[in-house]
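Encoded as structure tokens, the structure appears first; notes follow it.
The values are calculated or read from the model by the stated rules, or taken from the named source; none is laboratory data. As the structure is a prediction and not an experimental result, all values here were calculated from the model. Methodologically, a virtual Cβ is constructed for each residue, glycine included, from the backbone with ideal geometry; neighbour enumeration extends over all protein chains shown. Areas reflect the complete protein model, heavy atoms only, side chains present, ligands, DNA and RNA absent. Shrake-Rupley method; radii C 1.70, N 1.55, O 1.52, S 1.80 Å.
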Amino acid sequence: MYDYIIVGSGFFGSVCARELTDRGFKCLVLEKRNHIGGNCHTEKVDGINMHTYGPHIFHTSNERVWKWINQFATFNHFTNRPIANYKGELFALPFNMWTFNQLWGVTHPHEAKAIIAEQSKEIGEPQNLEEQAIKLVGRDVYEKLIKGYTSKQWMKPPNELPKEIIKRLPVRFTYDTNYFNDPYQGIPIGGYTQIFDQLLAGIEVQLETDYLADKLAWDAKARNIIFTGPIDAYYDYQFGPLEYKTTRFEHKKLTDTDNYQGVPVMNYTDAETPYTRIIEYKHFEFGQTDTTCITYEYPEPYVAKVTEPYYPVNDQENNAIFGQYKALADAEANVYFGGRLAEYKYYDMHQIIERAFDLLDQLNAGQA
Ligand code: FAD
Ligand code: UDP
């Protein structure tokens with residue numbers, strides 16, 4: 001009998017597995033995929049750590065989380081400064097004085113603010129992503145850097161998307177091109193998989209095992225379940241499938257150059273280019289290899305049970321469906337739901353670690 005069967009070996013599941021094991025509980029981790037680490041998994045290819053499911057940059061304001069994660073890897077001083085490519089014109093991201101200078105030739109914050117105020121004067125309280133974006137950065141930035149990218153990324157027009165999505169990005173009237181505001185940021189030297197190897201060291205892990213395919217049998221073997229997969233799948237889609245956004249990652253090794261784009265993240269912000277961005281991983285670790293690896297990210301329609309759910313689509317309709325699933329989840333006695341898919345929230349890694357700490361506190365799991 002296990003004290004906990006933990007479904008999923010991403011950050012949520014692995015943090016819980018490590019901490020509960022260290023407190024003396026007997027844990028088993030079940031993972032559907034053939035590797036650990038969930039979407040943070042990395043794999044070394046020709047000396048370069050490829051991020052299998054898209055680029056993962058660790059950033060946090062939470063000192064506890066930063067100290068905790070630094071036990072498992074050494075983080076480098078990488079700072080994310082992505083570039084937007086709009087039909088060959090390059091712009092600095094996130095939206096900052098460099099962006100406004102490149103777009104309008106302005107050099108001082110008050111000039112940029114005046115243009116934005118003029119371009120957004122028709123917008124009252126923003127009701128959707130389009131209005132929120134125009135309010136924050138004006139119509140020109142919206143048209144060149146947001147409209148096409150967002151429509152591709154979410155496969156929906158921005159006026160049908162929640163405004164919160166765009167608030168993830170800083171808007172700055174300084175020449176600071178750091179994509180994040182957090183004081184702690186970096187990439188684990190050697191990739192993320194080493195972190196999961198350590199988190200799950202000495203813990204029983206069963207790969208290529210879909211818990212839901214044999215749910216009753218697994219339930220009979222555990223006092224408690226921690227589920228980190230999609231909550232709608234757990235409840236067999238009884239209130240209908242939740243909507244997610246998915247992506248196809250096309251990885252390519254280039255042998256004719258050691259430096260393809262000079263930056264790890266280049267966003268293609270026009271509507272016509274079929275991919276949203278190209279990632280060149282070696283720059284995350286200042287790599288010096290003779291070849292390079294890049295990944296094209298193609299948004300694709302999500303089909304429940306068929307394609308991978310990556311991003312929750314937190315609009316009103318989906319949040320209402322999620323509310324129905326959550327009511328069932330809250331009534332469960334020994335099943336705990338956590339992580340991006342089970343909580344249906346657009347969480348980053350550091351937030352997932354915080355949420356796992358919260359669950360561990362809630363379990364009040366002293367020594368077994
Ligand atoms: P996951 O990592 O999704 O792990 C869940 C695991 O559960 C998966 O391995 C899955 O196979 C398994 N599972 C599901 N159902 C079952 C089942 N029935 N049986 C067995 N196993 C099951 N965050 C950042 O902080 N910085 C970034 O730069 C960043 N970039 C991102 C880029 C992309 C393209 C994506 C998709 C996400 C990005 N994130 C980033 C977010 C980050 O990936 C998540 O916050 C984190 O991976 C969530 O961890 P998790 O444990 O909740 O879920
Ligand atoms: N976004 C955009 N243009 C960009 C980058 C981001 O319009 O060049 C928008 C887009 O809607 C995206 C959101 O900002 O979904 C949040 O961006 P972030 O980089 O946080 O998204 P993620 O990496 O999670 O896809």
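Looking only at segment 269-312, which residues are under 26 Å from Gly240 (Cβ atoms) and in a loop (DSSP other than H, G, I, E, B)?
Pro301, Tyr302, Val303, Ala304, Lys305, Val306, Thr307, Glu308, Pro309, Tyr310
Give me the pairs, please: first residue somewhere in segment 80-104 and away from ligand 1 (no atom under 16 Å from the Cβ), second residue anywhere and open to solvent by 50 Å² or more (accessible area, probe 1.4 Å) and among the hydroxyl-bearing types (Ser, Thr, Tyr), beta-carbon distance under 7 Å, and either six or more positions apart or on two chains.
Asn96/Thr174; Asn96/Tyr175; Met97/Thr174; Met97/Tyr175; Trp98/Tyr175; Asn101/Thr107
Can you confirm whether Ala304 is modelled with pLDDT of 95 or more and either open to solvent by less than 20 Å² (accessible area, probe 1.4 Å) or in contact with a helix residue (DSSP H, G or I) (Cβ under 9 Å, 6 or more places away or on another chain) (or both)? Don't jump to the end; show me each part of the working.
On the way: modelled with pLDDT of 95 or more: no; either open to solvent by less than 20 Å² (accessible area, probe 1.4 Å) or in contact with a helix residue (DSSP H, G or I) (Cβ under 9 Å, 6 or more places away or on another chain) (or both): yes.
Spelling it out, it is not the case that Ala304 is modelled with pLDDT of 95 or more and either open to solvent by less than 20 Å² (accessible area, probe 1.4 Å) or in contact with a helix residue (DSSP H, G or I) (Cβ under 9 Å, 6 or more places away or on another chain) (or both).
Which one is surrounded by the fewest Cβ atoms within 10 Å (Cβ to Cβ), of the residues in segment 186-214 that are away from ligand 1 (no atom under 14 Å from the Cβ) and of a type in the set (S, T, N, Q)?
Gln198
Out of curiosity, is Ala356 surrounded by fewer than 19 Cβ atoms within 10 Å (Cβ to Cβ), away from ligand 2 (no atom under 16 Å from the Cβ), among the hydrophobic types (A, V, I, L, M, F, W, C) and closer than 27 Å to Ala222 by Cα? Give the steps one after another, and end with the answer.
Numbers: surrounded by fewer than 19 Cβ atoms within 10 Å (Cβ to Cβ): no; away from ligand 2 (no atom under 16 Å from the Cβ): yes; among the hydrophobic types (A, V, I, L, M, F, W, C): yes; closer than 27 Å to Ala222 by Cα: yes.
Taking the combined requirement at face value, the residue does not satisfy it.
Considering segment 132-179 alone, what residues qualify as being among the β-branched types (Val, Ile, Thr), in a helix (DSSP H, G or I) and open to solvent by 50 Å² or more (accessible area, probe 1.4 Å)?
none
Any idea how many residues of segment 329-368 are outside any helix (DSSP H, G or I), aliphatic (A, V, I, L, M) and over 21 Å from Lys26 (Cβ atoms)?
Pass one, segment 329-368, residues outside any helix (DSSP H, G or I): 331-348, 364-368.
Retained after the next criterion (residues that are aliphatic (A, V, I, L, M)): 331, 333, 335, 341-342, 365, 368.
Keeping just the survivors that are over 21 Å from Lys26 (Cβ atoms) gives 331, 341-342.
The total comes to 3.
Only one residue in Gly240, Gly229, Gly287, Gly323 is over 26 Å from Val141 (Cα atoms) and either within 12 Å of ligand 1 (Cβ to nearest atom) or aliphatic (A, V, I, L, M) (or both), so which one is that?
Details: Gly240 fails: either within 12 Å of ligand 1 (Cβ to nearest atom) or aliphatic (A, V, I, L, M) (or both); Gly287 fails: either within 12 Å of ligand 1 (Cβ to nearest atom) or aliphatic (A, V, I, L, M) (or both); Gly323 fails: either within 12 Å of ligand 1 (Cβ to nearest atom) or aliphatic (A, V, I, L, M) (or both).
Among Gly240, Gly229, Gly287, Gly323, only Gly229 is over 26 Å from Val141 (Cα atoms) and either within 12 Å of ligand 1 (Cβ to nearest atom) or aliphatic (A, V, I, L, M) (or both).
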